[in-house]
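The values are calculated or read from the model by the stated rules, or taken from the named source; none is laboratory data. Source: prediction; values computed, not measured. Cβ placement follows ideal geometry from the backbone for every residue including glycine, while neighbour counts extend to all protein chains displayed. Please note that ligands, DNA and RNA were not included when accessible areas were found on the heavy atoms of the full protein model with its side chains. Shrake-Rupley method; radii C 1.70, N 1.55, O 1.52, S 1.80 Å.
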Amino acid sequence: MAGKLSQGIGAAGRWLVPSVFAAGCGTWIGGAVEARAAVIAGHELEAAATVGFLALLGIPLLVVTGALLRGLWAAWAPRELARRIVDERGAAPKLAAWLFVLACDAIAIAWATFQGVWALANHTAFKAISVGFIEPVIILGAALLLVVVSVPATRAVAYLLGRVEARWQRVHGDRPLLTPWRILWVTIAILVTVGEAVWRFGIKPKIGPFDTAVFDAPLFGLTAWGVALAVAVRLPRRALGLATAIAAGAGVVAITAALYAWKLEPGMTLEIWGDRPAAGFAIDMLFDLDDIRAGMSLAEFQPVAKPDSPHPDIILVTIDTVRADHTPPYDPSGAEMPVLRQLAHVGVVFDWAFSPSNVTRRSIPSMVIGMAPDRVRGRVVGWALRVDPRHVLVAERLAAGGYDTAGFMCCEGFWGKEFHTGLQRGLEHLEIVPNGPELAKRAREWLEERDRTHPQKPLFLWMHILEPHNWTVASGEGRNDSERRRFYDRSLSQSDAMLGEVLNAFSHRDPGKAPIVIVTADHGEALGEHGHPYHSTDLYDSQTHVPLVIAGPGIPQHRVDETVSLIDLVPTILELAGFEVPTGQGLDGISIADLATGKRVGDPEAGTAYAAMIQDRSNPGGIRMIVRGRWKLIENEGGSYELYDTRDDPDELHNVWLQNGKTAFELKHLLDDRRRAAETSPFE
């Protein structure tokens, strides 16, 4: 019995050897493609660890897949099957018929699934339970219908192809047309052509720009795996054993390097995640990236306290999709926002503040990291950006400086655990609520409870309100421009009420102990300007000129007409919190605390703000802008430029690029500097 068991194990091991060899080859080739930059830079350990992370995930998957494929090949016995469907002259019309019908079936199921999903999205608001029950019914119904018609359809197609084959042979002297090899190559060519057409004309226009570079390593690795698997089953046993032993030894070395990096070099692991997409995917699957990041000491981010400087509570409220010219600090006839109006009466209003981009997933990370949007590294997940874990967020810096930190956010897609965006890092207390009034209520109750415990630490609280982003959901699109503006303003008024709810938690405090309150927005909203009804379409002021109001102890009532950028928030918050502004590559923004406190008078012709549309899933990208004082330069994709005097031409209707050569040249030079900066690593 033991002998038979040993023989069985030996046979299974020999059966797996080709799969192990092929998996090792595929992993090494894919890893080499992924790690080529590290090899060129002379970072051998990082290159080995990159291959190792891929090996940890790829080798088991490829070994199992290879074994299953070989098992299926043996079970299907394709040579015997070919003898049954190929006639005595070498023609195989039945094979062609089955492939044709199977392709039609696949297209039909894909079409039914696609249409079913769209119908469910329209009629169920895409509720998970409804989709979960109904979508399988649609797919199974389509599959059952196709099973019923497949056999008669195949017979009909085979009959027609048989007639074609017979006629061909009468003309060409019994030479077959539909040979298995011809059918195979024609099938591959059709699949590639149809796949490319579907991708280019059907899928890509719907999902927007897509970076296919992430598939380089997997494509090379899978190709090498397939070739190695085909070769391995034909190699002599001794040669295959030696090759497999070499591949296994190399794999052990690479895996050891990966485990070393994971355990002892978390910075290297984070760098591999950020710069190597396939290895980064493996790290995500096998390890908890947040735990790796959390293992880095907060002391690395600790800001230096200014001597004798107070550390006041700081409340940052970011409201999604707010254009400045619809709020009372900028237009008294704008939306009814009494709380923001009052903050403007007692604090500072920055007349010309600009967001870093025109979409949340690019602006918010840029704002809380303090870096230009095209220098913030990360990957798009859902509708958010998963920021590279090497970036340091303002909440992390304040937590390291001794602050209690809290976040009250909408929504899960940006701050929840599922997508691991990293935006929640540094927030010791985090609540995520999609409903704005409920979110504000929870924030107020938490603040009141915290006050009752007499905390010893200062507080940094960040709240993000979403309601203006969804202004059409509550009110509808509007029948004309006037109605659209009124509906949009209504959402701003609702957000103002939420702001008031939170600030009511501090109403009992003496003015000298009140928090510093910062209210701003991640981007604006077009309401028909330049032909665009919403945001993420251009970089005109309707989408980038946002409110920025700061009020609290040490902030006198005044206005600043110098241009500022929201990437300046991080250094400004740190300085207002009583810390020195950090220096180095980690920040692109500059502190505007001196403007907020009135220590420096703003210059209306000075100050710069930069914004960029970053190419990703729903944003075509390719547009950048620079603002200096009154002048704004927009660079469009293709190299055309627009120059506007935003003071004399607030609607940006008159492009004076050709009339103001000196200003145009200076601003273009600034844009070129920004482009070069974006090409450098933010982590060196």
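At-a-glance table
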{"quantity": "Matching entry among 570, 560 (being buried (at least 24 other Cβ atoms within 10 Å of the Cβ), in contact with a Gly (Cβ under 6 Å, 6 or more places away or on another chain), closer than 19 Å to residue 340 by Cβ and not basic (Lys, Arg))", "calculated": "560"}
{"quantity": "Members of region 528-553 found to be assigned to a loop (DSSP other than H, G, I, E, B), in contact (Cβ under 8 Å) with a residue 60 or more places away in the chain and not hydroxyl-bearing (Ser, Thr, Tyr), listed by number", "calculated": "535, 538, 539, 547, 552, 553"}
{"quantity": "Flag if residue 327 is open to solvent by less than 20 Å² (accessible area, probe 1.4 Å) and either aromatic (Phe, Trp, Tyr) or at positive phi (or both)", "calculated": "no"}
{"quantity": "Qualifying residue in region 64-84 (condition: assigned to a helix (DSSP H, G or I), modelled with pLDDT of 90 or more, aliphatic (A, V, I, L, M) and under 21 Å from residue 256 (Cβ atoms))", "calculated": "no"}
{"quantity": "Residues (of a type in the set (Phe, Trp, Tyr) and open to solvent by less than 20 Å² (accessible area, probe 1.4 Å)) located in region 378-403", "calculated": "403"}
{"quantity": "Scan of region 653-684 for residues that are free of Cβ contacts under 8 Å to residues at least 12 places away in the same chain and in a helix (DSSP H, G or I), ordered by number", "calculated": "661, 662, 665, 669, 672, 673, 676"}
{"quantity": "Criterion: touching a residue at least 60 places away in the same chain (Cβ under 8 Å) and under 11 Å from the mean Cα position of the chain (by Cα) - qualifying residue of 375, 361", "calculated": "361"}
{"quantity": "Test for residue 473: is it surrounded by fewer than 14 Cβ atoms within 10 Å (Cβ to Cβ), out of contact with any Cys (no Cβ under 9 Å at 6 or more places or on another chain) and either touching a residue at least 12 places away in the same chain (Cβ under 8 Å) or hydrophobic (A, V, I, L, M, F, W, C) (or both)", "calculated": "yes"}
{"quantity": "Flag for residue 417 being at pLDDT below 90 and not in a helix (DSSP H, G or I)", "calculated": "yes"}
{"quantity": "Given (1) closer than 22 Å to residue 302 by Cα; (2) open to solvent by less than 10 Å² (accessible area, probe 1.4 Å); (3) of a type outside the set (Ser, Thr, Tyr), index of the condition residue 609 fails", "calculated": "(1)"}
{"quantity": "Filter result for the condition that a residue is touching a residue at least 24 places away in the same chain (Cβ under 8 Å), in contact with a Leu (Cβ under 7 Å, 6 or more places away or on another chain), open to solvent by less than 30 Å² (accessible area, probe 1.4 Å) and of a type in the set (Phe, Trp, Tyr), over 301, 350", "calculated": "350"}
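Residue-by-condition table, conditions (1) part of a helix (DSSP H, G or I); (2) surrounded by 11 or more Cβ atoms within 10 Å (Cβ to Cβ):
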{"position": "149", "(1), (2)": "yes, yes"}
{"position": "157", "(1), (2)": "yes, yes"}
{"position": "160", "(1), (2)": "yes, yes"}
{"position": "165", "(1), (2)": "yes, yes"}
{"position": "170", "(1), (2)": "yes, no"}
{"position": "176", "(1), (2)": "no, yes"}
{"position": "182", "(1), (2)": "yes, yes"}
{"position": "187", "(1), (2)": "yes, yes"}
{"position": "190", "(1), (2)": "yes, yes"}
